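Take a look at the structure below.
Each value in this text was obtained by applying a stated rule to the coordinates, not by laboratory testing. Keep in mind it's a predicted model, so treat the numbers as computed, not measured. All Cβ positions, even for glycine, are placed from backbone atoms using ideal geometry, and neighbour counts span all protein chains on display.
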Amino acid sequence: MDKKVELYHADLFVKNDVGTEKQREDLLKQVLYAKENNLETSSLSNDGCWRSTKKYNMKWLYEELRNLVTKATAVYMQNDKPFEAFVKQGVGLDFSCWTNVNEVGSKNNLHTHTKDCWAGIYYIQAEGTGNLTFFNPANTLLQCNPKSPMIRSYGVTPKDGDLFIWPGWVPHQVEENKSNQQRINLAFSINLT
């Protein structure tokens, strides 16, 4: 072999145990209050999932998200020169955030965030509520040769306090909540400005 050229590549960037116990408890209280009072509810949701665009007091989480996005962006700048050129033109970040509260038996269907540079999720209450699963977009219909490299789905089992980001074009879903508690998370669309 004379050289290796990366064609298409996607990574999941993970920060575990984000936020202190007090910060997480406070954020959980804010979310449950918003749900109880039906604040800023969004009609764009899956069956059994309450979604809201309510803004919460969580400066600490935005700082952690900004740090993770900065590190992930630096990783891709090393191997993707066109991406590096776009990033050098603008250094700001723009976040959109929404709440998902999935009841037992509900799930988040396969989707992408193709209009966004990054997608992300922060799990407030996650233990046993269903894996976050990623798919290679070339094989979402499971038509690729099963012996081809990099065509399998990849699932992660989230824990309370986990923060994940990935390129927005990667298809993903959240499995059915088969636990005895709600799955509560914040989802993010993240763009470089």
With Cα atoms, 0 to 90° folded angle of helix 21-36 axis to the chain main axis = 70
Can you tell which of SER148, SER96, SER45 shows the greatest fluctuation in a Gaussian network model of the chain with Cα springs below 10 Å?
-> SER148
How long is the gain from VAL14 to PHE86 if the chain were fully straight, where each residue apart is worth 0.36 nm and the alpha carbon distance is subtracted?
-> 23.5 nm
Taking 7 Å along the Cα-to-C-beta vector as the label spot, tell me the LYS59-LEU141 distance in nanometres, rounded to one decimal.
-> 5.1
Select from PHE86, PHE95, PHE164 the residue whose mean-square fluctuation is largest in a Gaussian network model of the chain (Cα-Cα springs shorter than 10 Å).
-> PHE86
Pairwise label distance in nanometres, THR157 with ASP2, each label 7 Å out on the Cα-Cβ vector = 4.7
Please identify, among THR99, THR70, THR112, the residue showing maximal mean-square fluctuation in a Gaussian network model of the chain using a 10 angstrom Cα cutoff.
-> THR70
Among all the lysines, which ones have a C-alpha under 24 Å from LYS4's C-alpha, if same-chain residues fewer than 8 places away are not counted?
-> LYS71, LYS81, LYS147
Can you flag which of LYS59/LYS107; LYS35/LYS107; LYS15/LYS159; LYS35/LYS115; LYS107/LYS159 are past 22 Å Cα-Cα?
-> LYS59/LYS107; LYS35/LYS115
Once label points are set 7 Å from the Cα along Cα→Cβ at both SER43 and LYS178, what is their separation, rounded to one decimal in nm?
-> 3.4
In degrees rounded to 10, the 0-90 angle between helix 59-79 Cα long axis and the longest Cα principal axis of the chain is 10
